[in-house]
1. Please give the Cα centre distance for the stretch 27-58 versus the stretch 66-126, rounded to the nearest Å.
2. Points 7 angstrom from Cα along the Cβ direction at Ala30 and Ile46: gap in nanometres?
3. At 7 Å along Cα-to-Cβ for each site, give me the label-to-label distance between Arg66 and Arg132 in nm.
4. Which FRET efficiency, nearest 0.05, do His91 and Ala116 yield, Cβ-Cβ r, R0 35 Å?
5. Tally Lys and Arg at +1 and Asp and Glu at -1 over the other residues with C-beta under 14 Å from the C-beta of Arg66: what net charge comes out?
6. What is the spin-label model distance, in nm, from Arg55 to Arg124 if the labels are put 7 Å beyond Cα along the C-beta direction?
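Bear in mind these aren't lab numbers, they're just calculated from the coordinates by the rules spelled out. Here the structure is a predicted model, which means the values were calculated and not measured. Every residue, glycine among them, receives a Cβ derived from its backbone with ideal geometry; neighbour counts consider all protein chains shown.
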Amino acid sequence: MANTTPEAKLPGYETTFITRSELSDEALKALQERIAGIISSYSGEIVLTEDWGRRKLAYPIHKETRGHYTYVVYTGKQDIVHEIERNLRLHDHVLRFLTVNLEKEFDIEGFRKRRAEIQAAAKRREEEREARREERMAERRGYAPDERRVERVEAEEPSAESAE
């Protein structure tokens, strides 16, 4: 018997690709739109697109030492991965790409919720790290009224009782 649910879940994939750093923003946007067109033609949906920016490569690829990273999470049916990878192979400015199958029945809302939680936790950690850095910098400058500094100052000052 066929699947009786009104909307069958599609498999989910993530593709990360690296393009040459000299590729213009317009050309990169055109490549991303091309991939989006392929995804929509295979009844898919783009869940997330992140631009990770230009970074130094771990090792030279085709004499390039820097590359522009793009991350795309999407759903689709049949041979969507083969078509996307074929188009990435044909594009001269794409240095490397990697596609990972996330799930056979991809839960889009669950992914977005987990992603939001991860990003919120990362932001919280970054804020805590920044606060600790500010405390250290203030302590180095002598502005921090934390307990250790107050105890040191009190230990150095003679108390009124010992003067008598």
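1. 8 Å
2. Taking the two extended label points, one gets 1.6 nm.
3. If labels sit at Arg66 and Arg132, their model points lie 3.1 nm apart.
4. 0.65
5. Net local charge, Arg66 excluded: +4.
6. 2.4 nm
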